[in-house]
Amino acid sequence: MHEVTHETRNNLPPTLVAEFTELCTHYPERRAALIPALHRCQEELGGWLSPETLEAVAGFFELEPVEVFGVASFYPMFHLRPRGKHLVSVCHNISCDLRGAQDILDEACKASGCTPGGTSDDGRFTLVRVECQGACTSAPMLALDGVYHEGITPEDVHRILGGVQ
């Protein structure tokens, strides 16, 4: 088991340590609070989970760092690299694919200036190709910073992405 030390806990801001301590009281097992804790770290610590953050979270939860990395790398909502100011997600599951997701992705690449999985040179956008986002009945779709834009055309992509700072 990974040893929790004062030093390991100090790698997390005291406010997060206090929040996680309280959060753990809501679950039958301490480790069950891992996913919400990772969300909070990502929100508070720059929009991504650095190796140092993953190790500090492992220390807090008394887990091996590889266990925390396994969870963070499994779920697409966690980012293990710095990302742009705005996150553009284009669904490519069967419903979206059949209704033009590739055209949406191509236009998103042009409008954002980045390739799937990459970040634009100006740091404004990170573009990801994701599995189903649950908007199958109004495919194709694109999410900008978590806001869904459904039933869109390639022409809509420029309007959607062009309106953000």
- [ ] Please indicate, with yes or no, whether at least one residue in the range 34-57 is surrounded by fewer than 15 Cβ atoms within 10 Å (Cβ to Cβ), in contact with a strand residue (DSSP E or B) (Cβ under 9 Å, 6 or more places away or on another chain) and in a loop (DSSP other than H, G, I, E, B).
- [x] yes
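Let's see how each residue does on (1) more than 30 Å from Arg30 (Cβ to Cβ); (2) out of contact with any strand residue (DSSP E or B) (no Cβ under 9 Å at 6 or more places or on another chain):
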residue	(1), (2)
Glu62	no, yes
Pro82	no, no
Asn93	yes, no
Cys96	yes, no
Asp122	yes, yes
Arg129	yes, no
Pro154	yes, yes
TODO: Filter the range 58-74 down to the residues that are under 12 Å from the mean Cα position of the chain (by Cα) and over 15 Å from Ala33 (Cα atoms), then identify the one that is surrounded by the most Cβ atoms within 10 Å (Cβ to Cβ).
DONE: Ser73
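Okay, residues lined up against (1) among the basic types (Lys, Arg); (2) modelled with pLDDT under 90; (3) not in a helix (DSSP H, G or I):
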residue: Leu105; (1), (2), (3): no, no, no
residue: Pro116; (1), (2), (3): no, no, yes
residue: Gly134; (1), (2), (3): no, yes, yes
residue: Ala143; (1), (2), (3): no, no, yes
residue: Ile152; (1), (2), (3): no, no, yes
residue: His158; (1), (2), (3): no, no, no
TODO: Filter the range 83-102 down to the residues that are polar (S, T, N, Q) and surrounded by fewer than 19 Cβ atoms within 10 Å (Cβ to Cβ), then identify the one that is nearest to the chain's Cα centre (by Cα).
DONE: Asn93
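The values are calculated or read from the model by the stated rules, or taken from the named source; none is laboratory data. Here the structure is a predicted model, which means the values were calculated and not measured. Note: ideal-geometry Cβ built from the backbone for every residue, glycine included; neighbour counts use all protein chains shown.
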